[in-house]
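Taken together, the values in this text are just the output of simple stated rules run on the coordinates, not laboratory data. All of these numbers come straight from a predicted model, not from anything done at the bench. Note that each Cβ is placed from the backbone with ideal geometry, even for glycine, and that neighbours are counted across all protein chains shown.
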Amino acid sequence: GAVVSQHPSRVICKSGTSVKIECRSLDFQATTMFWYRQFPKQSLMLMATSNEGSKATYEQGVEKDKFLINHASLTLSTLTVTSAHPEDSSFYICSGRTGRSGEQYFGPGTRLTVT
Amino acid sequence: DAKTTQPPSMDCAEGRAANLPCNHSTISGNEYVYWYRQIHSQGPQYIIHGLKNNETNEMASLIITEDRKSSTLILPHATLRDTAVYYCIVRPNTGNQFYFGTGTSLTVIP
């Protein structure tokens, strides 16, 4: 299947700082990318959907000013967690989808710890 | 919103078939059934999907009931590496979002 990478794989930051997570589709063009968050022992929760060159669509309850999403190219999307707080500590996972099929291909995830 | 119901956990003996059920009684005519699995601390991995016919690939088989209100994922010869959380998701094939339910935690026992 298609490959999606994320960088970094884990990051620790101090409360009040911002952190950027990159998501790249390595061997396909992702017309749509998705960001999920997963807390321990819970399922994946969709945060937002982004189409290349367009503003992201956020799920209800997700603060768009706190979680900034940029999808500037067909192979790269970034999620910036602004003014991070300990409650933002979570596992963040991105996925990409081409326009030709229904499957989403998921990245390996980024473990964010805010101290 | 997740539209599926799965048992929270299952065990399976190594080498035996693992049969994971999923109820999707409110599925619409244009919605596909997708299966993904997530091994601990990794991103989900695509397994298989189908509309109404049974499907098989190198990983698994998907059996969908005639009324499409339920399906079963079959791992024919489970190995220890198949221990994971398995998610059943319904979604239109041209639709966007996947909404994950709680999944089934499968433990393969030696």
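For a straight C-alpha distance cut-off of 19 angstrom, the aspartates and glutamates reachable from B:K69 (same-chain residues fewer than eight places away being disregarded) are B:D1, B:E31, B:E55. Dimensions of the protein assembly as shown along the principal axes, based on C-alpha atoms and rounded to the nearest Å, stand at 50, 38, 32, largest first. Spin-label pair A:E87-B:T26: with each label point 7 Å from Cα along the Cα-Cβ axis, the two points sit 2.8 nm from one another. Note on region B:48-110: Rg/Rh from Cα positions, Kirkwood definition for Rh, rounded to two decimals, is 0.98.
Just need the relative contact order of chain B here, percent rounded to a whole number, with Cα pairs under 8 Å and 6+ apart. The partial results should precede the final answer.
On the way: 274 pairs, mean separation 42.1, N = 110.
RCO, chain B: 38 percent.
Using a Gaussian network model of chain B with C-alpha springs under 10 Å, which one of B:S61, B:S28, B:S71 is most mobile by mean-square fluctuation? Top of the fluctuation ranking is B:S28.
Counting pairwise Cα distances across region A:19-115, what percent come out greater than 23 angstrom? Write out the running numbers ahead of the final one.
On the way: 872 of 4656 pairs.
That tail contains 19 percent of the Cα-Cα pairs.
Each label was represented as a point 7 Å from its Cα along the Cα-to-Cβ direction; for A:S15 and A:R111 these points are 2.2 nm apart. Expressed as a whole percent, the proportion of Cα-Cα pairs in chain B lying more than 16 Å apart is 55%. Given a Förster distance of 30 angstrom, what is the FRET efficiency for B:H40 paired with A:K55, based on the Cβ-Cβ distance and rounded to 0.05? Calculated value: 0.30.
Based on alpha-carbon centroids, what's the gap between region B:68-91 and region A:36-115 in Å, whole number please? Their Cα centres are 25 Å away from one another.
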